[in-house]
Each structure stands twice: as structure tokens, then as C-alpha cells.
Amino acid sequence: MQIADQCVVSLEYRLTNDRGELLDSSPAGEPLEYLHGAEGILPLLERALAGRSAGDAFDVTIRPEEGFGEREARLIEVVSRSSIANAAQLALGMAVERSEEGADAAAPRRYLVTALDETTVTLDGNHPLAGQTLRFAGRVVAVRAATAEELGAH
């Protein structure tokens, strides 16, 4: 069976950046599973996988503008520590959700704490992979038709 919309696809993969640093990979024996056509993976990767079958290898390079975008300085904020709930528990690398000024409060942005001191916290709202050229390489493990339950969940 070939990969097409409404198929469940299992992939073994390695994700590296343009310096060859390993960013992510599927654990041994635990392939990534996604519903093709449901926007569960990057659109360019999804298009590159269409038409492939179990056993096929893939190697796809995705530039920042096709992936998670360029890093945006406007998404890095230094805020008062007192403006963040549970500020005493803050730690480097921790995720914090907050609404951007003038944005919909029901759809907060996720920020990572990148620096903190006694009075201020530096928050980065960029995706961790923003600004990076990404290389997905791996193999299609399995392709099958999605069940009605799987289709209903998306």
C-alpha cells in the first residue's frame, strides 16, 4: 500500500540539523505513527512521503521557511518575575504559557525560560527548531488504511 491521505504511517527516523547534530529520533523498535493528510507532521515532509510504501527509505531536507520559520527577535521577552504565576518554581528550560499582548487570551503562546535572575525572566516564544535547516532521514516501516475511529479523532 502506498502512502496517501487517510493512511496510518509508521516511520523510523533521525532528525538532524545542518551541522549534523542529532535533534530527535524514533526510539529503537518504536516508530513514529501519524495519520497522513491530517497535518500531524510538517507539510513538506508529508508531501515527500506521499506515494512511498513500507520499506522505502527517505531523506528530506527542510529549510527554516518550510519548517518552523526563522527565529523572531520580537518573540523574546524579558519580563518581571512577579508577572508570572508560580514564579518561585521557574527553572531554565521550563515551558510557560502566556498570552501575547493584544492576542486572544484563549490561545496562549508557549515560551521557554532561557534566563532568569532575582527580578526578571527571559522568555523565548520561538519554536525550539526555528531558524534551523532540518534533515529527516529514515524508513517507512508500515502503511495501512486508517480505521473509522482514527479518522474520527482528527
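Where a number appears in this text, it was derived from the coordinates with a stated rule and is not lab data. No experiment lies behind these values; they were computed from the predicted model shown. Here the Cβ is made from the backbone with ideal geometry for all residues, glycine too, and neighbour counts use every protein chain on show.
The average projected area of the range 1-108, computed from the convex hull of its Cα atoms over all directions, is 10.2 nm².
Please state the relative contact order of the chain as a whole percent: Cα pairs under 8 Å, 6+ residues apart?
Details: 291 pairs, mean separation 56.4, N = 154.
Value for the chain: 37 percent.
Shown here for the range 45-143: GluC sites (Glu not before Pro) in loop regions (DSSP other than H, G, I, E, B) with at most 16 other Cβ atoms within 10 Å, namely GLU70, GLU72, GLU100, GLU101, GLU118. In this structure, the amide hydrogen of THR120, modeled 1.01 Å from its nitrogen in the peptide plane, lies closer than 5 angstrom to those of ARG81, counting only residues at least 5 positions away or on a different chain.
Averaging Cα coordinates gives a centre for the range 1-19 and one for the range 66-88; these two points are 31 Å apart.
Would you mind counting up the charge near GLU12? Only other residues with Cβ under 10 Å from its Cβ, with Lys and Arg at +1 and Asp and Glu at -1. Show your work: numbers first, answer last.
Working: positive: ARG14, ARG139; negative: GLU30.
In short, +1.
Working from label points 7 Å from Cα in the Cα-to-Cβ sense, the ASP117 to GLU70 distance is 3.0 nm. Couplings 3J(HN,Hα) of the range 138-147, computed from phi: x, 9, 6, 8, 7, 9, 8, 5, 6, 7 Hz, in residue order, whole Hz [Karplus 6.51 cos²θ - 1.76 cosθ + 1.60, θ = phi - 60°; x for Gly and Pro].
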